[in-house]
Amino acid sequence: MDNILLGIQTALTPTNLLVCLIGCALGTAVGVLPGIGPTATIALLLPITFNFDPVSSLIMLAGIYYGAQYGGSTTAILLNLPGETSAAVTAIDGYQMARQGRAGQALATAALGSFFAGTVATVVLAVFAPPLAEAALKFGPAEYFSLVVLGLVASIALASGSLWKALAMIMLGLLLGLVGQDVESGASRFTFGAGELDGGLNFVSLAVGMFGVAEILRNLASGIHRPSMVREVKSLRLSRADFKQMTPPVLRGTLMGSLLGILPGAGHVLASFTSYSVEKRISKTPERFGHGAIEGVAAPESANNAAAQTSFIPLLTLGLPANPVMALLIGAFIIQGITPGPNVINDEPVLFWGLIASMWVGNLMLVMLNLPLIGLWVKLLTIPYRVLFPAIIAFSTIGCYSLGLNAYHVFAIAFFGLLGYVLIRFGCEPAPLLLGFVLGPLLEENFRRAMTISRGDASVFLTRPISLAMLVVAAVFLVVAVLPSIKKKRDVVFAEDE
Amino acid sequence: MATDNGPAPAGGRDLSEATPPHTGVGDAAAPPNPPTRWQLTKADFYSGAIFVAFGAAFAAASSQYTVGTLLRMGPGYFPRLLGIILAVMGLAIVGLAVLHFVRPRADEQAPEEQAVPWMRGGLLLAAVLLFGFIIGGAGLLPTVLLTTFVAALAGQGTTPARAAVIAVGITALCLVIFVFLLRLTVPLFGPWVGG
């Protein structure tokens with residue numbers, strides 16, 4: 001209880017309220033805008049947040065992440081244009097509602113469902129994170145190694161595209177993560193004698209290059225689709241019948257989202273898709289789905305917002321990122337001198353509880369930002385991409401240069417942008433690479449420690465029960481992901497993203 | 001190990017003459033001819049080759065450092081292990097691509113082909129590199145102005161005049177955010193322009 005009070009106190013200081021508001025507003029904006037997502041935005045803002053204290057910087061970055069979920073659903077409903085992948089399912093029925101003149105009801109359903117789900121998921125986070133961290137504190141190096149392996153495997157088993165390519169991208173990320181000085185021996189590895197590389201490849205440059213510049217290169221090739229017609233929003237008021245219809249789907253969506261969000265990988269995308277198909281299956285009138293069913297908006301919206309919140313659980317308790325945004329937040333922690341992991345709750349209670357409380361505050365802000373100001377957000381769509389992308393370039397270069405006033409960080413953006421673009425073109429998504437990059441040093445350190453303790457016996461990973469269990473689960477994930485029937489389902493799930 | 005390929009549906013052989021499946025999307029750019037085998041497999045082939053190259057390079061570079069044994073691992077051990085695994089995975093991806101090339105599956109669609117924006121993409125990357133080269137000498141204001149100008153030129157149908165307008169606008173915005181609000185300590189004008 002003291003902890004919760006501490007959290008609320010932290011979240012309600014004027015500075016933190018302000019950064020939370022900025023984060024939520026920015027998140028909504030990038031959620032609305034196609035061509036720039038929360039991952040690129042957070043990468044761009046990482047250098048700027050160095051000047052903030054750790055709590056404020058994480059509150060703002062987290063706000064961008066869940067704010068983008070709200071913004072993405074707005075354009076999904078009004079324009080049939082999911083600004084964010086997880087909003088793709090919302091577009092199915094949400095846009096139909098808008099076509100029938102019920103855009104306001106769809107938006108209100110999405111916002112209220114998201115708010116409810118966000119509130120519940122915040123409680124889930126507050127209740128389940130501490131015991132999980134407690135358990136993780138007992139992990140030895142062998143368990144930690146297996147846990148990281150499990151996290152990496154799960155993140156791709158649930159993601160889209162070729163499993164082989166995703167695995168190879170993780171390996172490449174792990175290797176890139178090892179560039180720089182070896183902690184144990186002090187040897188400079190893969191630096192070609194360049195002193196700048198001793199500290200490792202720059203995390204911000206890599207993220208900005210792979211998710212910012214590579215994305216622009218892709219958009220320059222394909223062009224950005226921008227619809228011209230926006231559905232009018234008449235009234236946001238929900239009738240009693242609407243409420244009655246949306247309540248059970250919101251509850252089920254929240255439950256499913258909270259559970260699936262904890263899984264590494266595309267938890268929130270999976271959550272919104274699963275909850276939609278569940279609603280359709282148990283509905284007495286499944287034929288209404290696809291033609292403006294309010295349940296088809298309520299369930300996936302609550303599910304994806306709940307999942308967005310609970311995906312913080314592995315980050316805050318284990319130091320494991322569940323998705324690329326969480327990987328960037330790990331970077332933010334490290335830059336602030338905090339090692340994310342089970343110690344955060346005890347060592348940094350202000351940070352942990354302040355962040356959680358700020359999520360609830362942020363969700364409340366988002367409802368207020370989104371419903372009355374809806375017209376303002378839609379106006380953002382009139383910013384042409386040819387103006388937007390030079391601005392992204394300016395922000396990336398200035399931000400990365402300001403890291404150490406070192407031009408090397410800027411050259412690195414161009415390198416990773418080009419590499420990212422080439423890989424994307426050949427069907428390799430950059431997300432697994434980023435996860436690998438962040439976890440590479442952790443994986444190596446625990447592997448070496450485990451080997452030292454076990455006197456060079458590699459079977460230690462299989463003889464310690466917890467470690468074995470995690471590796472078995474990882475193996476099951478891999479097998480399941482390549483089974484033809486599941487593979488087909490994966491393809492369907494992620495075909496919805498396009 | 002080749003399970004990822006999945007069993008080919010019955011009668012899925014020799015489809016080079018089959019009519020392409022209807023995409024159902026009113027896309028004017030839909031190819032009139034069935035995809036060639038090379039179109040179906042080249043992405044896998046190239047990406048696999050990239051992974052082999054990176055894996056082999058890391059594995060080879062690791063042998064400069066002490067490799068050691070499992071009990072006493074040197075700095076080269078773990079990267080060499082990962083490099084070899086990556087190279088093997090790359091080989092597997094190339095191998096699967098070759099298999100796929102020899103035995104294409106039924107009713108496949110070639111991945112969407114987009115022309116590489118050589119000129120515009122090159123301008124964009126040149127803008128980033130330009131920033132790195134001149135920031136130390138020219139200072140923040142001229143650098144951002146030039147960088148955004150070059151980057152804006154990469155936009156579809158952006159004329160130099162329009163790019164100049166965009167560059168001035170973005171530079172003003174950056175000055176407000178980075179200099180006035182965030183108090184960035186980079187000098188506005190560098191030694192080259194008398195700063």
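None of the figures in this text is laboratory data; all of them are computed from the coordinates on show. Everything numeric in this text was worked out from a predicted model, so none of it was measured. Note: ideal-geometry Cβ built from the backbone for every residue, glycine included; neighbour counts use all protein chains shown.
Observations, loosely collected:
- Lys/Arg +1, Asp/Glu -1 at C-beta; chain A dipole; positive extreme among A:Ile313, A:Leu366, A:Met171: A:Leu366
- Span from the region A:413-478 Cα centroid across to the region A:276-320 one, whole angstrom: 29 Å
- Taking the charge dipole of the protein assembly as shown about its Cα centre, with +1 at Lys and Arg Cβ atoms and -1 at Asp and Glu Cβ atoms, the residue from A:Thr452, A:Ala126, A:Val350 reaching farthest to the positive side is A:Ala126.
- B:Phe180 paired with A:Asp2, simple spin-label distance in nm, labels 7 Å along Cα-to-beta-carbon: 4.6 nm
- Three-way shape call for region A:299-433 based on the alpha-carbon gyration tensor, with the a/c threshold at 1.5: oblate
- Estimated dipole of the protein assembly as shown in Debye, rounded to 20 [Cβ of Lys and Arg +1, of Asp and Glu -1, Cα centre]: 820 debye
- As an equivalent ellipsoid, region B:118-193 spans semi-axes of 22, 14, 10 angstrom, where each value is the square root of five times an eigenvalue of the C-alpha gyration tensor, largest first.
- An ellipsoid equivalent to the protein assembly as shown, defined through the eigenvalues of its Cα gyration tensor, has semi-axes of 34, 32, 30 Å when rounded to whole angstrom and sorted largest first.
- Shielding score for B:89-102, defined as the mean number of other chain Cβ atoms within 10 Å: 2
- Residues within the reach of a label modelled at B:Leu99 (point 7 angstrom out along Cα to beta-carbon, backbone nitrogen below 14 Å), restricted to region A:161-184, are A:163-165.
- Taking 0.36 nm per residue of separation and subtracting the current Cα-Cα distance, fully stretching the chain between A:Ser239 and A:Ala458 would add 72.5 nm.
- Cα centroid separation - region A:77-130 against region A:1-63, whole Å: 20 Å
- FRET efficiency for A:Ala135 and B:Thr159, using Cβ-Cβ distance with R0 set to 51 Å, rounded to 0.05: 0.25
- Charge dipole (the protein assembly as shown, unit charges on Cβ, about Cα centre) - positive-most of A:Leu263, A:Gly151, B:Gly55: A:Leu263
- Number of partner chain Cβ atoms within 10 Å, mean per residue of B:146-157: 5
- Exposure proxy shown here: for A:His268, B:His100, A:His409, A:His291, the number of other Cβ atoms within 10 Å sets the order, fewest to most, as A:His291, B:His100, A:His409, A:His268.
- Of the peptides A:32-43, B:165-176, the ranking by mean beta-carbon count within 10 Å, highest at the top, reads A:32-43, B:165-176.
- Among A:471-482, A:71-82, A:122-133, the order from most to least packed when residues are scored by Cβ within 10 Å on average: A:71-82, A:122-133, A:471-482
- Phi to ³J(HN,Hα) by Karplus 6.51 cos²θ - 1.76 cosθ + 1.60 over region A:108-124, Hz, x for Gly, Pro: 5, 4, 4, 5, 5, x, 5, 5, 4, 4, x, 5, 4, 5, 5, 5, 4
- Computed FRET value (nearest 0.05) for B:Trp192 with B:Gln39, which takes r as the C-beta separation and R₀ as 41 Å: 0.25
- Count, lysine Cα pairs under 26 Å in chain A, 8 or more residues apart or across chains: 11
- Taking chain A and dividing mean pair separation by its residue count, relative contact order in percent (alpha carbons under 8 Å, at least six apart): 29 percent
- Per-residue shielding of B:136-145, expressed as the average number of other chain Cβ atoms within 10 Å of the residue Cβ, stands at 2.
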